[in-house]
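> Here it is: the structure, laid out below.
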There are 2 protein chains.
Amino acid sequence: MQIAIVLFDRFTALDAVGPYEMLSRIPKAETVFVAERTGPVRNDSGSLALTADRTLADVPNPDVVVVPGGPGQDAQMDNETLLDWLRTVDATSTWTTSVCSGSLLLAAAGLLTGRRATSHWLALNLLEQYGVEPTGERVVTDGKYVTAAGVSAGIDMGLTLVGRIAGDEHAQAVQLLTEYDPRPPYDAGSPEKAPAHLVEEFRVKNRFILT
Amino acid sequence: MQIAIVLFDRFTALDAVGPYEMLSRIPKAETVFVAERTGPVRNDSGSLALTADRTLADVPNPDVVVVPGGPGQDAQMDNETLLDWLRTVDATSTWTTSVCSGSLLLAAAGLLTGRRATSHWLALNLLEQYGVEPTGERVVTDGKYVTAAGVSAGIDMGLTLVGRIAGDEHAQAVQLLTEYDPRPPYDAGSPEKAPAHLVEEFRVKNRFILT
């Protein structure tokens, strides 16, 4: 089993590493970070670089594809090399997945048309332009397409997929080893729960990053 | 404000990237990954590499220090270059922190003697050898020392520290932007909650990784 995680300039680090930490613990799975070119790929703030070990062309038929999001996703929406690769690998993948605004790339590739999907709460309404039905759920499974909400939701998606691929007991073992028993010190993790003025402020700015 | 996150061979990726994703969103913070040498540093499974942009020597007085854990922590326990650096930076840091078995490195450097601290549940008892009082809590603050339990607990630690450094409202904004409203699909994230036979199996193997 091969799991490919896509990188592009100004991706959000946890979008990629959250699912990575779960999925890479599937028995006998090979997990590989892919990008247009091999080498370091910088994240949204520029202070983190993850290495792409293979080019997109090197990895033509992964079993699982993970597309992260982040401020850099915008610049990829008309990147035909990436969109073509997504369409090609989707033809043979078992699971095609995204985190955060990564679902917009799947949508732009035409892979989510007529399906239910989610995205970062600030990007959710953009899915409709591509004929996708947005939902506010944290992890949405529609056929082989699994999309997660913003950033940290990729961990829940990853663990959900570990269960589907390797069974509930293995997923519980992964959860135990990663001590995934979250205790956020605040309760502001969704637009429904956060202080209304913060939600409003971000909707007006329409940006994913704090500056 | 400068935040230094330490990398070493065979670290666990989410130990570093979880707190990174929270702490790097502190206003005007410079976040930097440091290691003995600059360049890519491979994680526990070898399939992920994060770039160390600066050497330890390049970063002599960060305000916040974050030490991740992982299977590679063992090999660092007598690395005097790293332990000396930890003692040096601790002399001027505002916060000295760890995730997972990273607390054993702080303990080996003599920084936690007589203090309460936590670690990965499989490493908790090892803290006592260094005169540290282990606790099963997810995030432990004792003075300026903040230690987190295994792997994913670094996210809770990071967000807790964002609140201490930048205030509750900014921390809530970070939680909202990262949609940190976790919904694990299982409830096996601690030795108290996981199926007893899984806990026992890992205690016998005494390994952090599934193979």
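The values are calculated or read from the model by the stated rules, or taken from the named source; none is laboratory data. Given the structure is predicted, the values throughout are model-derived calculations rather than measurements. Glycine also receives a Cβ, built like all others from the backbone with ideal geometry; neighbour counts cover every protein chain displayed. Accessible surface is based on the protein model in full, side chains and every heavy atom, while ligands, DNA and RNA are left aside. Shrake-Rupley method; radii C 1.70, N 1.55, O 1.52, S 1.80 Å.
> Using a 1.4 angstrom probe on the protein heavy atoms only, line up A:Thr92, B:Thr55 by accessible area, largest first. Present the calculation step by step, with values, prior to reporting the outcome.
Numbers: A:Thr92 85, B:Thr55 35 Å².
Most to least solvent-accessible, the answer reads A:Thr92, B:Thr55.
> Right, next: Could you list the square roots of 5 times each eigenvalue of the Cα gyration tensor of the protein assembly as shown, that is, the equivalent ellipsoid semi-axes, sorted largest first and rounded to whole Å?
Details: eigenvalues 213, 104, 86 Å².
Square roots of five times the eigenvalues give 33, 23, 21 Å.
> Quick one: buried accessible area between B and A, total over both chains, 1.4 angstrom probe, nearest 100 Å²? Can you show the working numbers first?
Working: alone 10410 and 10410 Å², together 14860 Å².
Interface area, both chains combined: 6000 Å², rounded to the nearest 100.
> In square angstrom, rounded to the nearest 10, how much accessible surface does B:Thr31 have for a 1.4 Å probe?
In the full protein context, B:Thr31 sits at about 10 Å².
> Quick one: accessible area per residue over the protein assembly as shown, 1.4 Å probe, rounded to a whole number of Å²?
Computed with neighbouring chains in place, this is 35 Å² per residue.
> So what J values fall out for the stretch B:165-172 if you push phi through Karplus, 6.51 cos²θ - 1.76 cosθ + 1.60 with θ = phi - 60°, rounded to Hz, Gly and Pro as x?
8, 10, x, 4, 5, 5, 4, 5
> Also, quick follow-up: Taking the Cα centre of the stretch B:2-205 as origin and charging only Cβ (+1 Lys, Arg; -1 Asp, Glu), how large is the dipole, in debye to the nearest 20?
Values: 16 positive and 27 negative charges, 15 e Å.
For this selection, approximately 80 debye.
> Testing the spin-label approximation: label points 7 Å from Cα along Cα→Cβ at B:Thr88 and A:Gln129. State their distance in nm.
Inter-label distance under the simple model: 5.1 nm.
> Using a 1.4 Å probe on the protein chains only, how many percent of the accessible area of chain A belongs to carbon and sulfur?
On the way: 3390 of 7430 Å².
The C+S portion of the solvent-accessible surface of chain A is 46 percent.
> Now for a different question. Ordering B:Glu133, A:Glu36 from largest to smallest accessible area (1.4 angstrom probe), what's the sequence? If you can, show how the numbers build up before the last one.
Values: B:Glu133 105, A:Glu36 80 Å².
Order by accessible area, largest first: B:Glu133, A:Glu36.
> If you don't mind, there's one more thing I want to ask. Once each part is reduced to its C-alpha centroid, what is the distance from the stretch A:12-28 to the stretch B:134-211 in angstrom?
Result: 16 Å between the Cα centres.
> Would you rank A:Leu126, A:Leu86 by solvent-accessible area, highest first, keeping every protein chain in place and using a 1.4 Å probe?
Numbers: A:Leu126 65, A:Leu86 5 Å².
From most exposed to least exposed: A:Leu126, A:Leu86.
> Placing unit charges on C-beta atoms (Lys and Arg positive, Asp and Glu negative, everything else neutral), compute the dipole magnitude of the stretch B:1-84 about its Cα centre in debye, rounded to 20.
Dipole size: approximately 320 debye.
> Computed over the Cα atoms of the stretch A:139-198, what is the ratio Rg over Rh, Rh following Kirkwood?
Numbers: Rg = 13.9 Å, Rh = 13.2 Å.
Checking Rg against Rh, the ratio lands at 1.06.
> If you don't mind, another one. From the label point of B:Asn125, set 7 Å along Cα to the beta carbon, how far off in nm is each other copy's matching point, shortest first?
Taking the point 7 Å beyond Cα along Cα→Cβ, the inter-copy spacings are 5.7 nm.
> Can you pull a Stokes-Einstein diffusion coefficient for the stretch B:2-205 at 20 °C (1.002 mPa s), Rh from Kirkwood over Cα pairs, as a whole number of µm²/s?
Values: Rh = 17.0 Å.
Reported coefficient: 126 µm²/s.
> Could I ask something else about it? For peptide A:117-124, what's the mean number of Cβ atoms from other chains within 10 Å of each residue's Cβ? Could the numbers behind the result be given before it?
On the way: counts 0, 1, 0, 3, 4, 3, 0, 0.
Shielding by partners across A:117-124 averages 1.
> Restricting to the stretch B:2-205, compute how many DSSP beta bridges are antiparallel as a %, nearest 5.
Restricted to the stretch B:2-205, the bridges split so that about 30 percent are antiparallel.
> On a straight-distance basis, which lysines could pair with B:Lys28 in a cross-link, Cα separation under 23 angstrom, same-chain partners fewer than 8 positions away excluded?
A:Lys205, B:Lys144
> Return the long-range amide H neighbours of A:Ala117 (sequence gap of 5 or more, or a different chain), with a cut-off of under 5 Å between placed amide H atoms.
The answer is A:Glu133, A:Thr135.
> With a 1.4 Å probe on protein heavy atoms only, tell me which residues of the stretch A:22-40 lose at least 50 Å² of accessible surface in the complex relative to the chain by itself.
A:Arg25
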